Amino acid sequence: MKIILILIIFISSMFALQVQELTWPKGDSFLTFLDKYNISQKLYFELEKEDKELCSEIVAGTEYNLLLNEDGTLKQVLIPVSEDMQLHIYESNKGEYKFEAIPISYQEIEETIAIEIKKSPFQDIFEATENLALANEVMRVYGRSINFRRIQKGDFVALKYKQKIRMGKYFGSPELTAAMVEVNGKKHYRFKNNKNDKYYDEKGRGFSKTYFFKIPLSYNRISSQFTKRRWHPVLKKYRAHLGTDFAAPKGRPIYAAGDGKIIFRGVKGGYGNVIIIDHKNGYRTLYAHQSRFKSGLKVGSYVSKGTHIGYVGNTGLSSGPHLHLGLYKNGRAIDPLQVIKRGKEIKLSGKEQATFIANTKDYFNELNLVVSDENRKLPTRLARKESFTTIQ
Ligand SMILES: [Zn+2]
């Protein structure tokens, strides 16, 4: 209810005052933003730890909306920090500002679509859906497991996927639920296993390249788990922590969680001394609050899994020495421990396999229906079911 109210206020106030659409400048931090609008830094320093860390999640290039009073002071601002969370700063009384992390509201379409292959699966998916990220995701899921060059004219692709839409534009990454690509009349299925985010065929055989990360330090305990958009009933607000905190003494070595290239090495807002490593397959890891970096490494350096990169500390905003480990897939924060834990299994077996097959049977039937012989004679977009959901 509260969120809806905020949106109503936000929208209604647009009539009187102009909403500005801005892009977060490179090098700006949350504190420089407050300074720019003459807002006391106290707003930031009085935040709780998790909220402070969210302020460090703002990425240069993020589009955000800002509303000014007639005298040029800030009335309110909404800054997205992930696909579903945004920071809301607003003037409650004259010159007095409040901060909250709130969900981003968006629509979601769920579509099942069959596409006749005329050029290539990539090209035809893109042309039918105008969704480049979806075409890329299908290619990523199949990887080299099938030979796309053997596809004949008249073969079909069938997809079931979800896509968020915000302000009339595709927003965030598409979620591919199920896919079927025909190669010379033979059907190749892939279904997402929600338990581990990996893809398997209709019998539970896996094809995804397994990518392993290791825990980057020897730690004493996990002091804060990854949480996303969790409603906190006592505080009556949304809490999010987009990483895992490992408590360890100052000076403990930190090692790269996987092979990759250093793309950031410096101070990053409340995260203090940060290294970001770009791995293959759209993954990035972030290591925050380091006391110092291991010498000899710089932006552009290649590191292997286990390369010593820095030392545990409490730089930036940190209540005690710990490593905050962030893991991002295609720019979206995901739970590092889930990825580290998920094991090496290629094929599902036993109860896991049975559950997977039972869960994906409906999708299997649905994809078969949209490419059944009678449906193939229908023009182009054979089956398009759209259901709109507005998520608050
Ligand atoms: Zn943290």
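The values are calculated or read from the model by the stated rules, or taken from the named source; none is laboratory data. For clarity, every value in this text was computed on a predicted model and none was experimentally measured. For neighbour counting, all protein chains shown are included, and Cβ atoms are generated from backbone atoms with ideal geometry for every residue, glycine included.
Points worth noting:
- Scanning the stretch 286-341 for residues that are surrounded by fewer than 14 Cβ atoms within 10 Å (Cβ to Cβ) and within 30 Å of residue 194 (Cα to Cα) turns up 304, 306, 331, 341.
- In the stretch 263-363, counting only strands (runs of 3 or more DSSP E) that sit wholly within it, the ones holding 1 or more residues that are at pLDDT 90 or above and not basic (Lys, Arg) span 273-278, 283-290, 308-311, 322-329.
- Residue 98 being more than 24 Å from residue 161 (Cα to Cα), touching a residue at least 60 places away in the same chain (Cβ under 8 Å) and of a type in the set (Lys, Arg): no
- Among the residues making up the stretch 84-108, those that are surrounded by fewer than 19 Cβ atoms within 10 Å (Cβ to Cβ) and of a type in the set (D, E, K, R) are 91, 94, 96, 98, 100, 108.
- Yes/no for residue 109 being part of a strand (DSSP E or B) and modelled with pLDDT under 90: yes
- Strands (runs of 3 or more DSSP E) lying entirely in the stretch 122-206 (those with 1 or more residues that are among the hydrophobic types (A, V, I, L, M, F, W, C) and under 28 Å from residue 105 (Cα atoms)): 156-166, 169-183, 186-193
- Among residues of the stretch 243-266 that are under 14 Å from residue 290 (Cβ atoms), those with a Cβ under 6 angstrom from a residue that is away from the ligand (no atom under 16 Å from the Cβ) and not in a loop (DSSP other than H, G, I, E, B), sequence gap 6+ or separate chain, pair up as 251/311; 253/308; 254/309; 255/308; 256/277; 256/303; 256/309; 262/277.
- In summary, residue 60 fulfils each of the numbered conditions (1) surrounded by 12 or more Cβ atoms within 10 Å (Cβ to Cβ); (2) among the aliphatic types (A, V, I, L, M); (3) away from the ligand (no atom under 16 Å from the Cβ) with the single exception of condition (1).
- Selected residue [assigned by TED's automatic domain parsing to the domain that holds residue 337, touching a Pro at 6+ places or on another chain (Cβ under 9 Å), away from the ligand (no atom under 16 Å from the Cβ) and in contact (Cβ under 8 Å) with a residue 40 or more places away in the chain] from 283, 302, 311: 311
- Residue match in the stretch 317-325 (condition: under 30 Å from residue 174 (Cβ atoms) and within 16 Å of the ligand (Cβ to nearest atom)): yes
- Criterion (among the hydrophobic types (A, V, I, L, M, F, W, C), surrounded by fewer than 17 Cβ atoms within 10 Å (Cβ to Cβ) and at pLDDT 90 or above) met by exactly one of 215, 254, 222: 222
- Selected residue (only one of 276, 254 is more than 26 Å from residue 197 (Cα to Cα), in the same structural domain as residue 308 (by TED's automatic domain parsing) and within 16 Å of the ligand (Cβ to nearest atom)): 254
- Restricting the stretch 164-175 to residues that are surrounded by 20 or more Cβ atoms within 10 Å (Cβ to Cβ) and at pLDDT 85 or above, the residue that is nearest to the chain's Cα centre (by Cα): 174
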